[in-house]
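Trainee: Right, I'll just put the structure down here and ask away after.
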Amino acid sequence: MIAVISYQFRRLVRGTGIALIFAVVGSGLWYWQEREVREQLIWMGVPEWQTASWQGFNRVLRNDGFLVGWSDIRVSPLWVSYMLHDTADGPIGDRPNGFVRDWRSLWPVTSDQYTRSGYDRGHLAPNYAIARVYGRDAQLDTFQMTNITPQRPDLNRRVWQRLEEVVMDDFLPRFGRLQVVTGPVFDTQFLHRIGFTQVPEAFYKIIVAPGEHPRVLAFLIPQTVRGDEPLDRFLVSIDELEARTRLDFFPRLPDEVETPFEADIETQGWALQRVARRPGRYP
């Protein structure tokens, strides 16, 4: 009897060991594949939290066409990153009928929490741009609530929309490839929330034209805008955004490039003045 039990135990250990090996190997393959996919959606690294504060903890959620740095503390993205490349014009799918809860969030964030709140359901990874470059499945991912933040109507429907249009209509054809990092800026009112989600005081958008000599424009737009302001009024340096958000947006950028790249506001080559006052396509 003892011999039988010993034999069965050895078989169990052997089987468990084989299963563990498969799990480790499978997890490793998944990690490397996941990292390869992420690398295609970022430039110079995933944004990193610069301090030890608990408020900056975030998890990277991968979607078709974009990454989200999701905070279960603020119940909001801290950043969204996506790469755009010039693509032939063609029809895109109809705008989805509604927004969907993302099972990856620890909190039940739903579209209903915005009803009669005075805030729009503001996209960070934009519906049109992601659909144009990555297709229908990616477009549907932009309607997950982990990509949505509370935006005042004059921000969301006017100046924010205008900036998104300029990126696609002017900057992308000019450079052929762009990296965009965008997200909210929060004040100290930690309990100012719509449902579970903390309400930002402003939003940033960083647009990079990668290359041997990368160019960058960075914008910081408050919730209090009228919506008809010129876009160049909101230009800031990346250093200022990093001070406001406590994020290191491009952690792999070499120091000799990082200092002028993040400290300066340089508009040369973007032709921003030509489009800064252009009205939105949908008034």
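Trainee: Would you please name the residue that is farthest from the chain's Cα centre (by Cα), looking only at residues in the range 77-107 that are under 16 Å from ILE130 (Cβ atoms), in a strand (DSSP E or B) and modelled with pLDDT of 95 or more?
Mentor: Filtering first and then ranking leaves VAL100.
Trainee: Condition test on VAL181, is it at pLDDT 95 or above and closer than 22 Å to ASN58 by Cα? Walk me through how you get there before you give the answer.
Mentor: Working: at pLDDT 95 or above: yes; closer than 22 Å to ASN58 by Cα: yes.
It is true that VAL181 is at pLDDT 95 or above and closer than 22 Å to ASN58 by Cα.
Trainee: Also, quick follow-up: Quick check on GLY135: is it at positive phi and modelled with pLDDT under 95?
Mentor: In short, yes.
Trainee: Hey, can you tell me all the residues within the range 238-262 that are of a type in the set (A, V, I, L, M, F, W, C) and either under 15 Å from the mean Cα position of the chain (by Cα) or under 15 Å from PHE203 (Cα atoms) (or both)? Quick ask: steps written out before the conclusion?
Mentor: So the first thing to find is which residues in the range 238-262 are of a type in the set (A, V, I, L, M, F, W, C), and the list is 238, 241, 243, 247, 249-250, 253, 257, 261.
Matches in the range 238-262: ILE238, LEU241, ALA243, LEU247, PHE249, PHE250.
Trainee: Of the numbered conditions (1) over 14 Å from VAL181 (Cβ atoms); (2) touching an Asp or Glu at 6+ places or on another chain (Cβ under 7 Å); (3) surrounded by 14 or more Cβ atoms within 10 Å (Cβ to Cβ), GLU262 satisfies every one except a single condition; which is it?
Mentor: In the conditions (1) over 14 Å from VAL181 (Cβ atoms); (2) touching an Asp or Glu at 6+ places or on another chain (Cβ under 7 Å); (3) surrounded by 14 or more Cβ atoms within 10 Å (Cβ to Cβ), GLU262 misses (1) alone.
Trainee: Then there is this: Kindly indicate whether VAL159 is farther than 30 Å from GLU212 by Cα, in contact with a helix residue (DSSP H, G or I) (Cβ under 9 Å, 6 or more places away or on another chain), modelled with pLDDT of 95 or more and in a loop (DSSP other than H, G, I, E, B).
Mentor: Against the criterion (farther than 30 Å from GLU212 by Cα, in contact with a helix residue (DSSP H, G or I) (Cβ under 9 Å, 6 or more places away or on another chain), modelled with pLDDT of 95 or more and in a loop (DSSP other than H, G, I, E, B)), VAL159 does not qualify.
Trainee: Let me ask something additional. Restricting the search to the range 214-224, which residues are farther than 17 Å from VAL180 by Cα and surrounded by fewer than 18 Cβ atoms within 10 Å (Cβ to Cβ)? Full working, then the answer.
Mentor: Here is the first cut: in the range 214-224, the ones farther than 17 Å from VAL180 by Cα are 222-224.
Matches in the range 214-224: PRO222, THR224.
Trainee: Going by what's in this entry, would ARG104 be described as over 24 Å from VAL216 (Cα atoms), of a type in the set (D, E, K, R) and touching a residue at least 12 places away in the same chain (Cβ under 8 Å)?
Mentor: Yes: the conditions hold for ARG104.
Trainee: What are the residues in the range 71-104 that are touching a helix residue (DSSP H, G or I) at 6+ places or on another chain (Cβ under 6 Å) and crowded, with 23+ Cβ neighbours inside 10 Å, if any?
Mentor: Selection gives LEU84 alone.
Trainee: Moving to a separate point now. Would you confirm whether or not the range 135-154 contains a residue that is among the small types (Gly, Ala, Ser), over 29 Å from ARG277 (Cα atoms) and either more than 15 Å from the chain's Cα centre (by Cα) or outside the structural domain of VAL80 (by TED's automatic domain parsing) (or both)? Walk me through how you get there before you give the answer.
Mentor: Taking the range 135-154 first, the residues among the small types (Gly, Ala, Ser) are 135, 138.
Those still in the list that are over 29 Å from ARG277 (Cα atoms) too: 135, 138.
Narrowing the set further to residues that are either more than 15 Å from the chain's Cα centre (by Cα) or outside the structural domain of VAL80 (by TED's automatic domain parsing) (or both) leaves 135.
Looking through the range 135-154, at least one residue is among the small types (Gly, Ala, Ser), over 29 Å from ARG277 (Cα atoms) and either more than 15 Å from the chain's Cα centre (by Cα) or outside the structural domain of VAL80 (by TED's automatic domain parsing) (or both).
The values are calculated or read from the model by the stated rules, or taken from the named source; none is laboratory data. Bear in mind that the values here come from a model prediction, so they are computed numbers and not experimental data. All Cβ positions, glycine included, derive from the backbone under ideal geometry; neighbour counts span all protein chains shown.
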